[in-house]
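Below: one structure, written as structure tokens.
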Amino acid sequence: MPAVPSPAAPPDHPSSWYAATAHSLPAFPPFEGETRADVCVIGGGYTGLSAALHLAEAGLDVVLLEQARVGWGASGRNGGQIHSGQRRDQDFLEKAVGREDARKLWDLAEEAKALVRDLIARHAIDCDLKRGLILADHKPHYVPQSHAYARHLDEAYGYAALELLSREEIRALVGSQAYYGGVMDRDAGHLHPLNFALGLAAAAARAGARLHDGARVRSVDDGAAQARVTTEGGGVVNAGFVLECGNGLMDGLDGRVDTHVMSICNYIAATAPLGARAQEVIANDAAVADSRFVVNYFRLSSDGRLLFGGGESYRRTLREDVPAFVRPYMLRIFPQLADVPIDYGWGGVLGLTLTRLPFVRRLSSRVLVSAGYCGQGVALAPLFGKILAEAVTGQMGRLDVLARLPVPAFPGGTLLRYPLFVAGLSYYALRDRL
């Protein structure tokens, strides 16, 4: 019988400003042999870590398998922005799922923001949490629409945290001529995403969850008696339930997910510290996201850098020339930063769905999934991990609400989804420039 190879040491977090300023957390042990657990969680990002934490706190035996290091994927590389609501606005949701479910989805999104703050406070996670997010309109005719939507949220949902911004007001807050107005969301915000993930991992481990780095999952067999999860190193977890929480990095693991969730790459650059110029870029230290289909999103770091995200790449692998790729997008918004060096550039893989709504489902009696956050996972993923944990313990109500979201399969299945969807995305990206 051939010997089973020993697991290799998990890779370090990829180079980024986040990794350079991350708090120390030793790698969790690799996974070897065969074990039994109540629940096997696949993926060490926000969804999986939150699910593992809440399950362990409920007294269940949990094994979490992360292919690299916890927080290695999008949870440790994203823009760090905490948005209100779901990825699609309430007007869309009211038409798609009805007013009753739209209200439930809004309430879930409000709970999601509160949960992020509660987890940070309860587990003393040092991750630079700050309030304030500006939604910036890059076309003049978008401003009346965004202001009307803000009034709708106030009147129909009781959300009074939005401040309408005129052209003059937004340009006093954001040092750019690119925006014509927008909305300031005082209850949204931003944080250091990798430190948030590492804090969740430490909390889950303290609660008794068994976390493993360097444990890439090869297959999931959800048999009648129990599920069987096998890693590339030959390890096996036999579990009552499996939670698939790898988001955009699960491609190829489960065809039931692949037909609904597709991976794309997104990029962020971090400038050198701006010093006194930082306040001229963003006067109130809020995060900013604009109205483009391919969103520009940016904020200041704790040491006064501009962290600027822009330019999705519709290719299957991350590009290496990230500073050169992101810089033109940044200079279109802030041409006054042409003389500022870029010290860091990195990319990450995120999960998209056809309707830009998350794919949260019970795939079988033993396998559940939450993926496809479409860039809004900082707030939503920890709550959705908690909801998966609730479903394991028999509380299905909130999972059922999410499962009613319309997330159709990509046209052409897994073979043609990529070229067809990329063609559509490229069309909307072109509209941004017109």
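None of the figures in this text is laboratory data; all of them are computed from the coordinates on show. Predicted model only: the values in this text are computed from it and were never measured. Backbone-built Cβ (ideal geometry, glycine too); neighbour counts: all protein chains shown.
So how tilted is helix 377-392 from the main axis of the chain? Cα-based, degrees 0 to 90, rounded to 10.
30
If you average the sequence gap of Cα pairs under 8 Å that are 6 or more apart and divide by the length of the range 55-137, what percent do you get for the contact order?
Reported as a whole number, the value is 24 percent.
Considering only the chain, what is the antiparallel percent among its DSSP beta bridges, to the nearest 5?
70
In percent, how large is the relative contact order of the range 1-125, given Cα pairs closer than 8 Å and 6 or more residues apart?
Answer for the range 1-125 is 21 percent.
Using the Karplus curve 6.51 cos²θ - 1.76 cosθ + 1.60 with θ = phi - 60°, work out ³J(HN,Hα) for each residue of the range 245-251 in order, rounded to whole Hz, and write x for Gly and Pro.
Running phi through 6.51 cos²θ - 1.76 cosθ + 1.60 with θ = phi - 60° gives 10, x, 6, x, 9, 9, 3 Hz.
Need one number: nm distance between label points at residue 338 and residue 154, each 7 Å from Cα along Cα→Cβ, rounded to one decimal.
About 4.1 nm separates the two model spin labels.
Cβ under 11 Å from residue 98's Cβ, residue 98 left aside: what net charge do those residues give with Lys, Arg +1 and Asp, Glu -1?
Once all neighbours under 11 Å are counted, the net charge is +2.
Could you state the orientation-averaged shadow area of the convex hull built on the Cα atoms of the chain, in nm² to one decimal?
20.4
Report the full-extension gain for the segment residue 35 to residue 409: residue separation times 0.36 nm, less the Cα-Cα distance, to one decimal in nm. Provide the component values of the computation, followed by the final result.
Numbers: separation 374, 0.36 × 374 = 134.64 nm, distance 3.45 nm.
Answer, rounded to one decimal: 131.2 nm.
Please list, in order along the range 124-132, the HN-Hα scalar couplings obtained from phi with the Karplus expression 6.51 cos²θ - 1.76 cosθ + 1.60 (θ = phi - 60°), rounded to whole Hz, x for Gly and Pro.
6, 8, 8, 9, 6, 5, 9, 9, x
Angle check, please: helix 46-57 long axis (alpha carbons) against the longest principal axis of the chain (alpha carbons), in degrees 0 to 90, nearest 10.
50
Work out from phi, with θ = phi - 60° and the Karplus expression 6.51 cos²θ - 1.76 cosθ + 1.60, the ³J(HN,Hα) of each residue of the range 285-298, listed in order in whole Hz, and give x for Gly and Pro.
6, 7, 7, 9, 9, 9, 8, 5, 4, 8, 5, 8, 9, 7
Modelled label-to-label distance, residue 169 and residue 99, 7 Å Cα→beta-carbon offset: nm?
Each label point lies 7 Å from its Cα, and together they span 2.8 nm.
With the contact rule set at Cα under 8 Å and sequence spacing of 6 or more, what percent relative contact order holds for the chain?
Across the chain, relative contact order equals 23 percent.
Roughly how big is the range 175-261's charge dipole about its Cα centre, with Cβ charges of +1 (Lys, Arg) and -1 (Asp, Glu), in debye to the nearest 20?
280
Could you work out the per residue convex hull volume over the alpha carbons of the range 73-130, in cubic angstrom?
100
Find how much the distance from residue 57 to residue 324 grows on full extension, using 0.36 nm per residue of separation minus their present alpha carbon separation; answer in nm with one decimal.
That pair, residue 57 and residue 324, stretches by 91.6 nm at full extension.
Using only Cα atoms, figure out Rg for the range 133-172 and give it as a multiple of 2.2 N^0.38 Å.
In units of the 2.2 N^0.38 Å rule of thumb, it is 1.17.
Report D for the range 248-337 in µm² per second (integer): Stokes-Einstein, Kirkwood Rh on Cα pairs, 10 °C, 1.306 mPa s.
Reported coefficient: 108 µm²/s.
Mind checking which lysines have their C-alpha under 21 Å from residue 104, skipping anything on the same chain fewer than 8 residues away?
95, 113, 386
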